[in-house]
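See structure below.
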Amino acid sequence: MKRLLILVAALVPCLCVAQNPYQSYIEQFAPLAVAEMQRTGVPASITLAQALVESGAGRSVLAVQANNHFGIKCHEEWDGETFYKDDDSAKECFRAYASAEESFRAHSDFLRSRERYQSLFDLEPTDYKGWARGLKKAGYATDARYANKLISSIEDFQLYRYDEEALAQAAPAPAARGLPQVAAVEQRRIPVAVERLTLPMSRKVLERNGVPYVLSIEGDTYRSLASAYDLSPKEILRYNDLAYEQELEPDTIVYLARKKTQAAPGTGRFEAEQNGLTLWDISQMFGVQLKKIRLYNSYRGDGPTHIGETIILRKL
């Protein structure tokens with residue numbers, strides 16, 4: 001009888017089922033999606049659903065060879081590594097990243113820095129259907145069924161539970177008895193401690209000349225903004241054409257990426273309407289690198305300019 005059982009066991013196919021690659025992918029990257037939701041306000045469910053759809057759970061050529069899990073193309077401001085593959089057209093340029101983690105962070109920053117996606121951040125953080133439809137309407141993908149694919153992925157794998165996890169983790173801990181409780185503010189129903197008001201989710205990222213920027217508030221420094229937006233102090237100073245950290249006045253434009261080499265079409269010249277504006281002031285006003293404005297205008301210093309003086313902002 002024992003021999004018979006052994007023989008039968010050998011003949012019966014193994015009933016072990018390998019874990020679904022989509023489920024494995026979710027388990028691997030869910031913590032990162034939750035962290036990104038807390039950092040930028042992009043729902044974790046949307047991040048995971050887009051990654052699943054765009055990368056086929058990390059198995060697409062773009063994900064495997066370029067660590068690009070969200071199908072983000074180069075666009076004119078990209079100066080990093082690239083990867084070319086056929087998409088809507090032949091041999092299109094896609095961004096290449098050093099790691100999948102870098103791709104996830106870049107995806108959040110991409111959505112935060114594009115004006116066409118800013119209305120999505122006014123939605124409830126748990127409104128994944130609104131986010132999915134908004135992404136399609138804003139032109140993230142050309143697939144007519146893109147929103148439905150995202151919603152189906154979220155519901156099939158219950159990805160909305162990661163939004164709830166991010167919200168729960170963001171809530172401040174109860175104050176100790178006898179100690180004053182730290183005040184908190186609410187942004188899109190995500191509690192954020194006052195001392196962390198410089199987090200990206202607590203203010204709107206704007207765009208000028210295709211370059212993302214924020215307006216400083218009382219108490220900001222270049223160093224604190226660099227930390228909040230995952231930049232180094234040297235990077236944020238370089239992006240804003242500063243050689244060293246200076247006092248940051250409220251309502252100052254602070255760029256979060258490298259400014260462009262020339263102004264947008266139609267704004268090739270600027271006529272000063274007041275005395276005292278420096279070339280640095282003008283470079284911040286138009287999102288153009290200071291060294292390029294100096295070059296276009298044969299300036300050695302920074303100004304100041306005078307009323308009626310014309311400053312060239314685009315290469316002639």
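Among the residues of segment 76-113, the ones that are more than 28 Å from ALA30 (Cβ to Cβ) and within 15 Å of the chain's Cα centre (by Cα) come to 1 in all.
For segment 117-138, a residue qualifies if it is open to solvent by 50 Å² or more (accessible area, probe 1.4 Å) and part of a helix (DSSP H, G or I), and the qualifying residues are SER119, ASP122, LYS129, ARG133, LYS136, LYS137.
State which residue is farthest from THR142 (Cα to Cα) when the search covers only segment 91-113 and only residues that are outside any strand (DSSP E or B), in contact with a strand residue (DSSP E or B) (Cβ under 9 Å, 6 or more places away or on another chain) and open to solvent by 30 Å² or more (accessible area, probe 1.4 Å). Restricting to residues being outside any strand (DSSP E or B), in contact with a strand residue (DSSP E or B) (Cβ under 9 Å, 6 or more places away or on another chain) and open to solvent by 30 Å² or more (accessible area, probe 1.4 Å), the top hit is ASP109.
Scanning segment 212-239 for residues that are open to solvent by less than 40 Å² (accessible area, probe 1.4 Å) and either under 20 Å from LYS292 (Cα atoms) or part of a loop (DSSP other than H, G, I, E, B) (or both) turns up PRO212, TYR213, SER216, ASP220, TYR229, LEU231, ILE236, LEU237, TYR239.
The single residue among GLN50, GLN38 that is modelled with pLDDT of 95 or more, assigned to a helix (DSSP H, G or I), among the polar types (S, T, N, Q) and touching a helix residue (DSSP H, G or I) at 6+ places or on another chain (Cβ under 9 Å) turns out to be GLN50.
When THR305 is tested against (1) crowded, with 17+ Cβ neighbours inside 10 Å; (2) closer than 26 Å to PRO233 by Cα, just one condition goes unmet, and that condition is (2).
Tally time: how many residues in segment 85-102 are under 24 Å from ALA166 (Cβ atoms) and free of Cβ contacts under 8 Å to residues at least 40 places away in the same chain?
3
Just to be sure, is GLY276 exposed (fewer than 14 other Cβ atoms within 10 Å of the Cβ), at positive phi and not basic (Lys, Arg)?
Details: exposed (fewer than 14 other Cβ atoms within 10 Å of the Cβ): yes; at positive phi: yes; not basic (Lys, Arg): yes.
For GLY276, the condition - exposed (fewer than 14 other Cβ atoms within 10 Å of the Cβ), at positive phi and not basic (Lys, Arg) - is met.
Of all the residues in segment 270-302, those that are free of Cβ contacts under 8 Å to residues at least 60 places away in the same chain and part of a loop (DSSP other than H, G, I, E, B) number 13.
Has segment 139-157 got at least one residue that is at pLDDT 85 or above, touching a Ser or Thr at 6+ places or on another chain (Cβ under 6 Å) and either open to solvent by 30 Å² or more (accessible area, probe 1.4 Å) or not in a helix (DSSP H, G or I) (or both)? Within segment 139-157, none of the residues are at pLDDT 85 or above, touching a Ser or Thr at 6+ places or on another chain (Cβ under 6 Å) and either open to solvent by 30 Å² or more (accessible area, probe 1.4 Å) or not in a helix (DSSP H, G or I) (or both).
For the structure I just gave you, tell me whether LYS204 is of a type in the set (Lys, Arg) and modelled with pLDDT of 85 or more. No; evaluated as a whole, the condition is false for this residue. One residue stands out among those in segment 69-90 that are aromatic (Phe, Trp, Tyr) and closer than 25 Å to THR261 by Cβ: the one that is least open to solvent (accessible area, probe 1.4 Å), which is PHE83.
The values are calculated or read from the model by the stated rules, or taken from the named source; none is laboratory data. From a predicted model like this one, the values you see are computed outputs, not experimental measurements. We place every Cβ from the backbone using ideal geometry, glycine too, and count neighbours over all the protein chains shown. SASA here: full protein model, heavy atoms, side chains in, ligands and nucleic acids out. Shrake-Rupley method; radii C 1.70, N 1.55, O 1.52, S 1.80 Å.
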